[in-house]
1. Looking at region 72-79, can you tell me whether even one residue there is closer than 29 Å to Tyr145 by Cα, more than 19 Å from the chain's Cα centre (by Cα) and part of a helix (DSSP H, G or I)?
2. Does Phe63 satisfy the condition of being crowded, with 17+ Cβ neighbours inside 10 Å, aromatic (Phe, Trp, Tyr) and either under 17 Å from the mean Cα position of the chain (by Cα) or over 30 Å from Ser342 (Cβ atoms) (or both)?
3. Specify which of the listed residues (Ile180, Ile165) is closer than 30 Å to Asp117 by Cα, β-branched (Val, Ile, Thr) and assigned to a helix (DSSP H, G or I).
4. Report the residue count in region 116-146 for those that are part of a helix (DSSP H, G or I) and over 18 Å from the mean Cα position of the chain (by Cα).
5. Could you check, for region 57-71, whether at least one of its residues is at pLDDT below 95, closer than 29 Å to Leu146 by Cβ and touching a Pro at 6+ places or on another chain (Cβ under 9 Å)?
6. Would you please name the residue that is surrounded by the most Cβ atoms within 10 Å (Cβ to Cβ), looking only at residues in region 251-285 that are of a type outside the set (Val, Ile, Thr) and outside any helix (DSSP H, G or I)?
7. Among the candidates Ala191, Ala184, which residue alone is farther than 22 Å from Gly279 by Cα, surrounded by fewer than 23 Cβ atoms within 10 Å (Cβ to Cβ) and free of Cβ contacts under 8 Å to residues at least 24 places away in the same chain?
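The values are calculated or read from the model by the stated rules, or taken from the named source; none is laboratory data. This structure is a prediction, so every number in the text was calculated from the model and none was measured. Glycine gets a Cβ as well: all are built from the backbone with ideal geometry, and neighbour counts include every protein chain shown.
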Amino acid sequence: MPHPRLATVTAQFRAATLDGPFRALRYPDFRRFATGQTVSLVGTWMQQIAQGWLVLELTGSPFAVGLVTTLNTLPILLFTLYGGVVADRVDKRRFIMLLQTVMLVEAALLAWLTLTDRVTVEWIWALALAFGLATAFEVPTRQSYLVELVPAEDLVSAAALNSTIYNLARVIGPSVAGVILAIAGPGACFALNAISYLGILVGLVRIRHRSSPGQAGRRPSVFTGVQFIASRPLLKALAQQMVLISVFAVSFIPILPVYARDVLGTGASGYGALTSAIGVGAALGAFIVGGLGRRIPRSRLASVGAVLLSLTVVLLATVHHLGIAMACLAIGGAAMATTGISTATSL
């Protein structure tokens, strides 16, 4: 029989975690999903770091580095709204599994091309575009799937944990990638990413809850969501704010490999450290939103984060020291997470 004081301490610890920002972890299906997603996202960030650095090595061109990021993200910009519509009409669990399998094949092909010295920048661009198309449908489906894993009152906790997982992977992935790049090269990073997709696939298989497609009578369109946001001034302002941030404030991220090499004079390990710093700050920002989301209006948190991010980007432009740059990026990461989570949970 446990000691009464030990039982009290245990109960207090559970109250501070499972009844606090970690409330969503009380649900087994969410834990399975989160665990698999963590493994998969670590691999994804390893590939992102290795891919940018490989393009820089192959071409030496900042334009080529920016283009591979554009091909990764342009489909997300163009098709994410439609991806959200599709997510409402399909079995979300099976659709996520399909898209994750597509990403696995993309990573495996890139690994094979690189390890056999057949890779060219054109191949990287084509596979980056394929990854972006899959992501445009996978991300809104994965985010909306949270609704089926936790009740409405714990959605803020689930969204904050989801962002924490993403940014924890952003810390671990680049750090590991920097080491593997130095030891085994980018091909090994791509191969490990392909293997990492098994984590989310296994997690989805183990989930007991089975989602079902939306009802036949409900056929939302892209314009339905846009009209809904446009009809509400607060949501419209938040959406406009996110568009401005996405276009201008975070545009420095694609050129981080060039910034690391040409401005800071560092290599792949330094580039990985910069990206890790963003993840450290973003994980902290996710915890802040998870803890304050019920006490401070999320629209206010989103605006504070947007202003802080803008100031951080301006400051970063004047920095030529790795340590100071990492500190700036950590603050920027916290601001990005605060704005992103607060806006997403408001919408």
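1. We begin by selecting, within region 72-79, every residue closer than 29 Å to Tyr145 by Cα; these are 72-79.
In the following step, the residues that additionally are more than 19 Å from the chain's Cα centre (by Cα) were identified as none.
No; the residues of region 72-79 include none that is closer than 29 Å to Tyr145 by Cα, more than 19 Å from the chain's Cα centre (by Cα) and part of a helix (DSSP H, G or I).
2. On the way: crowded, with 17+ Cβ neighbours inside 10 Å: no; aromatic (Phe, Trp, Tyr): yes; either under 17 Å from the mean Cα position of the chain (by Cα) or over 30 Å from Ser342 (Cβ atoms) (or both): yes.
Considered against the rule, which asks whether it is crowded, with 17+ Cβ neighbours inside 10 Å, aromatic (Phe, Trp, Tyr) and either under 17 Å from the mean Cα position of the chain (by Cα) or over 30 Å from Ser342 (Cβ atoms) (or both), Phe63 comes out as no.
3. Details: Ile165 fails: closer than 30 Å to Asp117 by Cα.
After ruling out the rest, the residue left standing is Ile180.
4. To start, the set of residues in region 116-146 that are part of a helix (DSSP H, G or I) comprises 121-146.
Filter once more, so that each one left must be over 18 Å from the mean Cα position of the chain (by Cα): 121-127.
Selection size over region 116-146: 7.
5. Scanning region 57-71, I find at least one residue that is at pLDDT below 95, closer than 29 Å to Leu146 by Cβ and touching a Pro at 6+ places or on another chain (Cβ under 9 Å), so the answer is yes.
6. We begin by selecting, within region 251-285, every residue of a type outside the set (Val, Ile, Thr); these are 251-252, 254, 256-257, 259-262, 264-265, 267-274, 276-277, 279, 281-285.
Now drop any that are not outside any helix (DSSP H, G or I), which leaves 251-252, 264-265, 267.
Details: Ser251: 13, Phe252: 15, Leu264: 21, Gly265: 10, Gly267: 14.
My answer is Leu264.
7. It is Ala184.
Residue by residue, here is whether (1) touching a residue at least 40 places away in the same chain (Cβ under 8 Å); (2) under 11 Å from Ser342 (Cα atoms); (3) touching a Gly at 6+ places or on another chain (Cβ under 8 Å) holds:
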position: Arg295; (1), (2), (3): no, no, no
position: Leu301; (1), (2), (3): yes, yes, yes
position: Val304; (1), (2), (3): no, yes, no
position: Ser310; (1), (2), (3): yes, no, no
position: Val313; (1), (2), (3): yes, no, yes
position: Leu316; (1), (2), (3): yes, no, yes
position: His321; (1), (2), (3): yes, no, no
position: Ala325; (1), (2), (3): yes, no, no
